[in-house]
Amino acid sequence: MKTKNILVSLLLLVGFTAWGQQVPKGDVLFKGGTVLTVTNGTLENTDVLVRDGKIARIGKGLRAPNGVETIDITGKYLMPGIIDAHSHIAGSAINEGTSQVTSEVSMEDVVDPYDVSIYRALAGGVTSIHLMHGSANVIGGQNETMKLRWGLTDPDQLRFEGAPRTIKFALGENPTRGGRARGIQPQSRMGVENMLRTSFQQAVEYKKKWEAYRADKNPRKVAPEYDLRLQTLVDILNGDVLVHCHSYRADEIYMLLKVFSDFGIPKITFQHANEAYKVAPELAAFGASASVFADWWAYKLEVYYSTAYNAAILTENGVLTSINSDSGELIRHLFHEAAKTQKYGDLSDDEALALITLNPAKQLGIDNRVGSIEVGKDADIAIFEGHPLSVYAIPQMTFVDGVKYFDKANDKADQRIYVDPESSIEKITIFDREDQHRCMEGANFINFEDLFSNQK
Amino acid sequence: MKSLRKLCLHAVLLLSMSVIALSSRAQSDPTGESAVTRTYALTNATVITKPGTELKETTVVIKDGLIVRVGKNVPIPAEAQVIDASKLYVYAAFIDGMSNTGAKRPENPERPQNLFTPDPPNEYAGITPENSVIAQLDVTNSSIGSLREAGFAISHAVPYGRMLPGSTALILLNDAEHPDEIILKKDVALFAQWIGAPGAYPGNILGMMAKWRNLYRNAEQDKKHFELYAENPAGLPRPENDRVSQAFFPVIAKQKPVMFNVDGVLDARRAMRLQKDLGFPLMVAGVEQAWELTNEIKSSNTPLFLSLDVPDEPKDAKEDDKSAEMKALEARRMEFYKIHVSQAAKLSEAGIPFGFSVGNVRANAVLKNVRTYIENGLSEDAALAALTTNPASIFGISNIAGTVEQGKLANLLVSTAPIFSKDAQVKLMFVDGDKFEYETKESKGNGRNTNNNAATSNDPLAGSWSYTLETPQGDQGGKMVISRENGAYSGYLTSDDGSPDNTMNNISYRNNELAFDFTIDAGGQSVEIVVVGTINGKTYDATATVSFGGQDFSMNLTATKDEQ
C-alpha cells in the first residue's frame, strides 16, 4: 500500500511537470545549522531561506513565510550540493568508439533518468554531475551537465539548463588502444597529437568555407557540405565549447597545452591528470584546470607515477582543481575523497570543500548558479550529520532547486522508478566465507550471510 | 422436358459465369484452386460495421473484391456463394501498424575487408533509405498466411535492415503469384530504427542520433540545390545524385513520414527529439512503454502504434516462507506488469487514436495479447478501433478499409463468437474479396473429448519428448512435456542441468509443424526463444531462434518422443 502511494504521487509529479518543461522548485527554511558557504567561511547557528528554488536569505533568526516548511538542522551541517565533474552514471551509452573523432555525438541524446545510480549519488550529497562521453577516442562526444532530479523521467528535465556545452577529449593509452584494435590511427601518443592538429586544421578550413558562403551575396549560391563533426570543432575554436580532456602523463598534458596555444583555444580542464603535479606551474600559467582522483592510481601503466598530494600541489600552485569520481560507487563519498587532501597536503576546510563544489562548478561554467551557499544561487544543498570532511560524516538530506530528493529518514528500500516486469528477482546468495576464515567458527554472531541475504 | 431444359440453361449460365469469374482472375488455372465465384453473401450475420455499431441479422454481399451491400433484405446476386452466417460475427479485418510480414530477411551484409570503421560503406552501416520493402517481398512467405489467420487483411510491411532500411508499404495479406498483386500502397513511410552497425560507425545510439542530424541537414541542402538547378542550371555546379540524400526529399517536403520502430520509452523519446530538432513528420511504432508519453504524443499529434508484445505475467516464487524483501520485490514487479498491460486503456482515456503493431509477436499470440489489454481496462470498441479504423485513418486509407461499409475493400473477419471473447475463433477471412476458410474447434463442454486421456494417447504431440539444444556452449538436454486438454496444448521444458522448467508458450501445431516459444533468464534479462520445426512420427527437427539487437541467432533443436 505504501509503495503504491509513493508510486501514485511520483506519477502525479511526473504527469504534472512532464510537458511544460517546468522543473519543480521548492521553498524551505533551514533553521539553526552550521553553514559551510565555501566562499564566505563557516557560519555557526545560521538559517538559510530558500524561495522558488533559490537561496533567498542567509542569516540568524529568519522566519518562515506562510506555507514554507521549516527544517530544523540544529547540530547539522549545510553545504552546497556536491558536483561531480566526471561521471558516467545515467547514460544509455558512453562511447561511440567506432571512430577516433566523434565530436558530433552528444551525451544529451542518451540521458537515462531511470538509472538508480542517480539516487545513490543523491544519497552521497551530490546534486549535479558532468555526464561524460568515454575515453575510447581522441576527440570524443559532447558531455551533458545535469541536475539529479530523481523521479523525473523526461531526460530534458535533468538537464542543467543554461550550462555551457562541454566536450570530452582523450590522450594516452585508451584512444591508442582503440586505434590499434581497429587498425586505424592513432596507435601511438605521437599519432594522438597528429590527429588533434589535423582535426583542428580541417575545422579551420571548414570554417573558412562557410564564412565565404555566408558572405556570398549571390542569391543562387550553393551551400558547402554540412558536417556536424567539424562544426563542433569550429565551436571549440570559437570558445563556445569547454574541453575536458582525459589524460595522465605530464608530457601529454604539456603537449595539449601547446596544441591549444597554437589554435588559440583558451580553456581546458584535464581529467584524471595523475601527473599534473609535475606541470602545475605550466598549467597555472596557461589558466588550465584539473579534475583529479584523490588517491587512485596504478590501474594501468600510464598511471603509476602518481601521488595523493596531487590535488594539494595543484591547489598550492594556483591551478583550479576538483576531485571527481568517474564511478557510480565513489560518487557516494566524494566528501571523503575531498577530506583526503587534508591528510595529504593540509588543505583548509574551504579549500577541501571547494574541490567538490565551487571548483568543479567553475570548470563546468556553472559557478554563477551553484557551488557555494550565497544569496541568489540555486538551492542545491546537502545536509550532513557530522562535518562533511570528517570520517563520521553521514549525508542526511539532499535538495536540488529547493526540492528534497533524498532524505535518510525516509529512505525506501526499493527506489527504482521502473521495474521490468519480465526481470527475474535475483536471489542474493553470498558464498560461504567460513571455509576461508575459520577463526570465529562457532561463535554466535549475526553472520554476513544473514545480514545481506534476502532469503530466509 | 421443360424442367430439364431449365436445368440445362442453369447449368450453362453457371458454367459461363464461373468462366467469367475465372478469366477475370487469371489467364488459366491448371491447379484448379481458383474460386468458382468471387461473389459472396454472408446472410443473417451479426455485423460490427465499425467500433460501437452492431447490426443484427444483416447480410453482407461481396463482389469483385468490394463490399457491395450491407443490410437486411438486400438482394443476393444469383452468382453469389451464400454463406449462412446466422451464428457468425462479421468485422472489418484488422490492420497491422508495423511488422516484417511478407518480407524475406536478406543476408546480413558481409563485413568488408579492411573496413575503415569510422566511415563504412552505407550498405554495411545500414543506411539504405533508398531501398524499399517491395524488393524483399516474397509471396510464399508463411508470415502472410499466419497473420491473416489471426484476423488481419492489411499489414504495414517494413523492410529488414539496420538504422535506415528503406521505404515501407501497405500489403494485402492474400495469396498471390507476384508481390505487385498484394501491394495496396507503396512508399507509405521511411522506416527507421535504433540498430547500429556492428563494429563500425554509427555503432550505437550516440552515433545514430548524430548521423541522423548530419544526413538530414545535408539532404535539406541538397534538395535546395536540386531545386535551384531545376529552375536554371546555368552557372551552377551539377548536384550529385546521392541516393541516400534523395530518399529524404519527400520527407523534408512533409509528403512522407518517418516511421520509427522504438521499444522502450527512451527510444521513443529519442525519435521524438530528432523530430523536434529536424521537423519531419513522425510515426512511432512498436511502443512498449507509452504511459509516460501520453502528453507529448497528444500535443504533437504523433501517430502511435502500441506494441502487441505484452510482457508475460510475472510468477511469484512458490516458497511458503518468503522473506518480506522478496515479497516486496515481487509486488513491485507486479505493479509494473499492471502498468504495462493497462497502458492501452490509458492511451484510450487520453483520447489518443492509437493503433497496434504486430512486430515480432507470433501471429497466434496476437488476439490473446489484445485480450490482455482489454482485461486491463481497454474497452472492446477501443480495441477494435486500434485494429481497424485508427490505423486506416493514420495510413490515409479510411476510404477503402477499416469498416464494413458499401464500397470498401472486401476485407472481412468472420468469427464464431464476438472476436474479443475467449472462445472466439476466426472462421473465415476475406482479403481483397478472396475467401479463406479455417477449421474451427468445437467449443468446450459440448460433450465431446470427454476422455482426454484417450485423446492424449493417440495424439501426435502429447507425451514426453527428450530434446537436445545445440548451443554455442555445448549441447543442452532435457524433457519436453506436452499435454492436451480440451483441444489445447500446453507444455514445459525441463533441463538436465537442473535449471528451472520453462513453460512452452503459444504452442501451435498444424500440418506437422510444431511451433512454440519460451523465455529464459539470461543474467536478469529475459530472452525469448522461438522454436519452429517439423514433427515426423516420433522425431522433431526444429530451429530455435533468439533475436538480439536486430539480429537473429539460430540453434538446432531435436527431440524424440519417449516410449509411453
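The values are calculated or read from the model by the stated rules, or taken from the named source; none is laboratory data. Source: prediction; values computed, not measured. Positions of Cβ are generated from backbone atoms using ideal geometry, with glycine treated the same way; all protein chains shown enter the neighbour counts.
Name the residues in the range B:245-259 that are within 14 Å of chain A (Cβ to nearest Cβ) and either over 26 Å from residue B:359 (Cβ atoms) or more than 29 Å from the chain's Cα centre (by Cα) (or both), would you?
B:245, B:252
When you check residue A:375 against the structure, is it within 14 Å of chain B (Cβ to nearest Cβ) and at pLDDT 95 or above, yes or no?
no
Which members of the range B:170-182 meet the condition of being more than 16 Å from the chain's Cα centre (by Cα) and more than 19 Å from residue B:31 (Cβ to Cβ)?
Once the filter is applied, which keeps residues that are more than 16 Å from the chain's Cα centre (by Cα) and more than 19 Å from residue B:31 (Cβ to Cβ), the range B:170-182 yields B:179, B:180.
Among the residues of the range B:318-334, count how many are among the charged types (D, E, K, R) and more than 7 Å from chain A (Cβ to nearest Cβ).
The qualifying residues number 5.
Could you list all residues from the range A:373-413 that are basic (Lys, Arg) and either under 20 Å from the mean Cα position of the chain (by Cα) or farther than 20 Å from residue A:27 by Cα (or both)?
A:377, A:404, A:412
With the requirement that a residue be touching a strand residue (DSSP E or B) at 6+ places or on another chain (Cβ under 7 Å) and within 14 Å of chain A (Cβ to nearest Cβ), what does the range B:97-126 give you?
The answer is B:126, and nothing else.
In the set B:230, B:234, B:210, B:253, which member is among the small types (Gly, Ala, Ser) and crowded, with 21+ Cβ neighbours inside 10 Å?
B:210
Residue by residue through the range A:113-135, note down the ones that are in a loop (DSSP other than H, G, I, E, B) and touching a Pro at 6+ places or on another chain (Cβ under 9 Å).
A:113, A:123, A:124, A:125, A:135
Among the listed residues B:159, B:239, B:129, which satisfies the condition of being in contact (Cβ under 8 Å) with a residue 12 or more places away in the chain, outside any helix (DSSP H, G or I), buried (at least 23 other Cβ atoms within 10 Å of the Cβ) and in contact with a Leu (Cβ under 9 Å, 6 or more places away or on another chain)?
One residue alone meets the criteria, B:129.
Looking at (1) within 24 Å of residue B:147 (Cβ to Cβ); (2) surrounded by fewer than 18 Cβ atoms within 10 Å (Cβ to Cβ), find the lone condition where residue B:317 falls short.
Unmet for residue B:317, out of (1) within 24 Å of residue B:147 (Cβ to Cβ); (2) surrounded by fewer than 18 Cβ atoms within 10 Å (Cβ to Cβ): (1).
Please go through the range B:489-540 and pick out each residue that is of a type in the set (Phe, Trp, Tyr) and more than 14 Å from every other protein chain (Cβ to nearest Cβ).
B:489, B:492, B:509, B:516, B:540, listed by residue number.
When you go through B:285, B:290 one by one, which is the residue that is more than 9 Å from chain A (Cβ to nearest Cβ), under 17 Å from residue B:194 (Cα atoms) and under 20 Å from the mean Cα position of the chain (by Cα)?
Exactly one residue qualifies, and that residue is B:285.
Go through the range A:142-255 and tell me which helices (runs of 4 or more DSSP H), entirely inside it, have 3 or more residues that are within 11 Å of another protein chain (Cβ to nearest Cβ).
Because the criterion is at least 3 residues that are within 11 Å of another protein chain (Cβ to nearest Cβ), the helices (runs of 4 or more DSSP H) in the range A:142-255 that meet it are A:173-182, A:228-237.
If a residue must be under 34 Å from the mean Cα position of the chain (by Cα), more than 24 Å from residue B:264 (Cβ to Cβ) and polar (S, T, N, Q), how many such residues does the range B:186-242 contain?
Here the count works out to 1.
So is residue B:119 within 30 Å of residue A:100 (Cβ to Cβ) and over 16 Å from the mean Cα position of the chain (by Cα) or not?
yes
Report yes if some residue within the range A:188-205 is at pLDDT below 95, surrounded by fewer than 17 Cβ atoms within 10 Å (Cβ to Cβ) and more than 25 Å from the chain's Cα centre (by Cα); otherwise report no.
no
For the range B:298-317, what are the residues that are within 10 Å of chain A (Cβ to nearest Cβ), among the aliphatic types (A, V, I, L, M) and either part of a helix (DSSP H, G or I) or closer than 17 Å to residue B:368 by Cα (or both)?
B:310 - this is the single residue of the range B:298-317 that is within 10 Å of chain A (Cβ to nearest Cβ), among the aliphatic types (A, V, I, L, M) and either part of a helix (DSSP H, G or I) or closer than 17 Å to residue B:368 by Cα (or both).
Which residue out of B:295, B:364 is in contact with a helix residue (DSSP H, G or I) (Cβ under 9 Å, 6 or more places away or on another chain) and at the interface with chain A (Cβ under 9 Å from one of its Cβ atoms)?
Only one candidate passes the filter, namely B:295.
For residue B:211, indicate whether it is within 9 Å of chain A (Cβ to nearest Cβ), charged (D, E, K, R) and within 15 Å of residue A:105 (Cα to Cα).
yes
Picking from B:22, B:88, B:55, which residue would you name as being modelled with pLDDT of 95 or more, surrounded by 12 or more Cβ atoms within 10 Å (Cβ to Cβ) and out of contact with any Lys or Arg (no Cβ under 7 Å at 6 or more places or on another chain)?
Testing whether each residue is modelled with pLDDT of 95 or more, surrounded by 12 or more Cβ atoms within 10 Å (Cβ to Cβ) and out of contact with any Lys or Arg (no Cβ under 7 Å at 6 or more places or on another chain) leaves just B:55.
All but one of (1) more than 14 Å from chain B (Cβ to nearest Cβ); (2) closer than 29 Å to residue A:114 by Cα hold for residue A:66, so report the exception by its number.
(2)
Can you tell which of A:42, A:74, A:34, A:17 is of a type outside the set (A, V, I, L, M, F, W, C) and at pLDDT below 95?
Being of a type outside the set (A, V, I, L, M, F, W, C) and at pLDDT below 95 holds for just one of A:42, A:74, A:34, A:17, which is A:17.
Residues that are over 21 Å from the mean Cα position of the chain (by Cα), buried (at least 23 other Cβ atoms within 10 Å of the Cβ), away from chain B (no Cβ under 14 Å) and without any contact (Cβ under 8 Å) to a residue 40 or more places away in the chain: does the range A:39-60 have at least one?
Yes, there is a match, as at least one residue in the range A:39-60 is over 21 Å from the mean Cα position of the chain (by Cα), buried (at least 23 other Cβ atoms within 10 Å of the Cβ), away from chain B (no Cβ under 14 Å) and without any contact (Cβ under 8 Å) to a residue 40 or more places away in the chain.
Tally time: how many residues in the range A:92-110 are buried (at least 24 other Cβ atoms within 10 Å of the Cβ), outside any loop (DSSP other than H, G, I, E, B) and either among the aliphatic types (A, V, I, L, M) or more than 7 Å from chain B (Cβ to nearest Cβ) (or both)?
1
Per-residue answers, yes or no, for (1) surrounded by 21 or more Cβ atoms within 10 Å (Cβ to Cβ); (2) not aromatic (Phe, Trp, Tyr):
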site	(1), (2)
A:300	no, yes
A:321	yes, yes
A:344	no, no
A:365	no, yes
A:368	no, yes
A:373	yes, yes
